[in-house]
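Reviewing the structure listed below.
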Amino acid sequence: MKIEINIDEAKILELAKVNSLDELPRSIFYEAKRDAVAQAVAEIKSKLVETSYYSGKESLFSEVRDYLYKEIDSKIKEI
């Protein structure tokens, strides 16, 4: 699964209107996390939920969410 997040100038300007300059990087980070989780959940719903790899949807969503947060956090720190 490949997740691409597009945070364009318009999104950043929108976030800048409601956040201070100090809070802006954190807001961008959380926006990226929300977008990634939403995309992953949509992908899971369309492809993986029908299989019996996990005990339930909540378990699968929780595992994917935790994994995505760790990966996004490491990428943001790297950048």
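The values are calculated or read from the model by the stated rules, or taken from the named source; none is laboratory data. None of these values were measured; they are calculated from a predicted model. Neighbour counts run over all protein chains shown; Cβ positions are idealised from the backbone, glycine included. The area values use the complete protein model at the heavy-atom level, side chains included, leaving out ligands, DNA and RNA. Shrake-Rupley method; radii C 1.70, N 1.55, O 1.52, S 1.80 Å.
Do the conditions hold for VAL49, that is, is it among the β-branched types (Val, Ile, Thr), in contact with a helix residue (DSSP H, G or I) (Cβ under 7 Å, 6 or more places away or on another chain), at pLDDT below 80 and open to solvent by less than 100 Å² (accessible area, probe 1.4 Å)?
For VAL49, the condition - among the β-branched types (Val, Ile, Thr), in contact with a helix residue (DSSP H, G or I) (Cβ under 7 Å, 6 or more places away or on another chain), at pLDDT below 80 and open to solvent by less than 100 Å² (accessible area, probe 1.4 Å) - is met.
Give the range 16-38 a look and list any residue that's closer than 15 Å to LEU60 by Cβ and among the polar types (S, T, N, Q), or say none.
Answer for the range 16-38, where residues must be closer than 15 Å to LEU60 by Cβ and among the polar types (S, T, N, Q): there is none.
Could you list, in sequence order, the residues of the range 57-79 that are farther than 15 Å from ILE28 by Cα and among the aliphatic types (A, V, I, L, M)?
Result: LEU60, VAL64, LEU68.
If a residue must be in a helix (DSSP H, G or I) and more than 18 Å from ILE79 (Cβ to Cβ), how many such residues does the range 13-35 contain?
5
Out of the range 1-12, which residues are open to solvent by 100 Å² or more (accessible area, probe 1.4 Å) and either part of a loop (DSSP other than H, G, I, E, B) or touching a Phe, Trp or Tyr at 6+ places or on another chain (Cβ under 8 Å) (or both)?
Hits for the range 1-12 are MET1, LYS2, GLU4, ASN6.
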